[in-house]
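For reference, the structure discussed in these notes is given below.
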Amino acid sequence: MSAHSGGSRPHPVVAVVGPTGSGKSELAVRLAQRIGGEIINADAMQFYRGMDIGTAKILPGDRGGIDHHLLDILDVTDEASVSAYQRQARTTIDEIASRGAVPILVGGSGLYVRSALDVLEFPGTSPEIRASLEEELARHGTTQLRERLARVDPASADRVQDDRRLVRALEVFEVTGKPFSSFMPRRQYHQPAVQIGLDVDRAELRQRLAGRVDRMVAAGLEQEVARLAQHGLRQGKTASRALGYAQFLQVLDGTLSLEAATTDTVAATRKFARRQRTWFSADPRIEWLPWKAPDLVEQSVQHITRTLES
């Protein structure tokens, strides 16, 4: 299989998606080996250098000789940006295809996946307006800002669940004069694409996630967080909120026991996996394949071939 379909048609992209802990990284490597691919990371927390154990970042020895892109591209003090990722991912897709390889996007950060695959415009930003809104939020709390958003953009007001998105939605309205909700992506591919989702057994995934967190702790998650704290982890708006990292910063502070941090991380990871399933299951273009099928790679290849030839 080649990245180019002949003529001047845009090259196709393959995406492997699904909840955390479902085996996306492993499938992507095996798929890349089979179809001549290179892998592009679409897990927002794996952008960060040094955040290895707690993000289950695939180790160099497990990458099967496959080139992996957009891992370890940010410091923990940097803020991840979907619009910046869109530019990087699309540039990387073009570069991989120019080598005759197949770009394989893999990750569970839904908006990042869609930013790479779908027609999606990002509204501008204004550091001054954002700073003013953040100051207002700190001074008066969320109620006043939520009421304002409900007046100018009721659709976003219904959807927004945290302060960061609340500020962003108001910033977009002030910068563009258009509601943030008007920039929501359509389910229309930017270029030919195939999405494969890993369909998990929920009860089994719950147990698997608990075991995975236990292994992270045994592998030195607390020490990794302590090391990153010395490099500004607490100041990182994105990195400091990562699953496990937020909880183990509290262990370092003495406000949470190791056992409680582990339990909280398991609960937060399970909740995150449920949100990921909800996000991806809303996309009718994803082909769901059983995560433990012995012929998973073969099923994936067949679906990719069928879709791109249709």
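The values are calculated or read from the model by the stated rules, or taken from the named source; none is laboratory data. Treat the numbers as computed from the prediction; the structure is a model and nothing was measured. Neighbour counts are summed over all protein chains in view; Cβ atoms, including those assigned to glycine, are modelled from backbone coordinates with ideal geometry.
List of remarks:
- Some residue of segment 203-225 being surrounded by fewer than 18 Cβ atoms within 10 Å (Cβ to Cβ) and assigned to a strand (DSSP E or B): no
- Verdict on PHE280 being aromatic (Phe, Trp, Tyr), more than 30 Å from TYR189 (Cβ to Cβ) and under 23 Å from the mean Cα position of the chain (by Cα): no
- Verdict on GLU298 being in a helix (DSSP H, G or I), more than 22 Å from the chain's Cα centre (by Cα) and under 20 Å from GLY54 (Cα atoms): no
- Scanning segment 113-128 for residues that are out of contact with any Leu (no Cβ under 8 Å at 6 or more places or on another chain) and either over 16 Å from ALA193 (Cβ atoms) or buried (at least 23 other Cβ atoms within 10 Å of the Cβ) (or both) gives SER115, GLU121, PHE122, PRO123, GLY124, THR125, SER126, PRO127, GLU128.
- For segment 105-138, a residue qualifies if it is of a type in the set (Gly, Ala, Ser), part of a helix (DSSP H, G or I) and touching a Pro at 6+ places or on another chain (Cβ under 7 Å), but none of them does.
Residues are listed down the side, and each one gets a yes or a no for (1) assigned by TED's automatic domain parsing to the domain that holds HIS303; (2) on the phi > 0 side of the Ramachandran plot; (3) not in a strand (DSSP E or B):
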position	(1), (2), (3)
GLU26	yes, no, yes
ARG30	yes, no, yes
GLN33	yes, no, yes
ILE39	yes, no, no
ILE58	yes, no, yes
GLY64	yes, yes, yes
ALA84	yes, no, yes
ILE93	yes, no, yes
ALA97	yes, no, yes
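- Count of segment 41-56 residues which are touching an Asp or Glu at 6+ places or on another chain (Cβ under 7 Å) and in a helix (DSSP H, G or I): 0
- VAL172 closer than 24 Å to GLU121 by Cα and either assigned by TED's automatic domain parsing to the domain that holds THR238 or within 23 Å of the chain's Cα centre (by Cα) (or both): yes
- Within segment 102-143, the only residue that satisfies the criterion of being under 26 Å from ARG270 (Cβ atoms) and among the charged types (D, E, K, R) is ARG114.
- The residues on offer are VAL194, VAL167, VAL172, VAL266, and the sole one that is among the β-branched types (Val, Ile, Thr), touching a Phe, Trp or Tyr at 6+ places or on another chain (Cβ under 9 Å) and either buried (at least 18 other Cβ atoms within 10 Å of the Cβ) or modelled with pLDDT of 95 or more (or both) is VAL172.
- Breaking point among (1) crowded, with 18+ Cβ neighbours inside 10 Å; (2) in a loop (DSSP other than H, G, I, E, B); (3) without any contact (Cβ under 8 Å) to a residue 40 or more places away in the chain, for VAL251: (2)
- Test: residue in segment 69-87 that is under 30 Å from VAL172 (Cα atoms), crowded, with 19+ Cβ neighbours inside 10 Å and of a type outside the set (A, V, I, L, M, F, W, C): yes
- Note on segment 26-71: residues that are among the hydroxyl-bearing types (Ser, Thr, Tyr) and either without any contact (Cβ under 8 Å) to a residue 40 or more places away in the chain or out of contact with any strand residue (DSSP E or B) (no Cβ under 6 Å at 6 or more places or on another chain) (or both) amount to 1.
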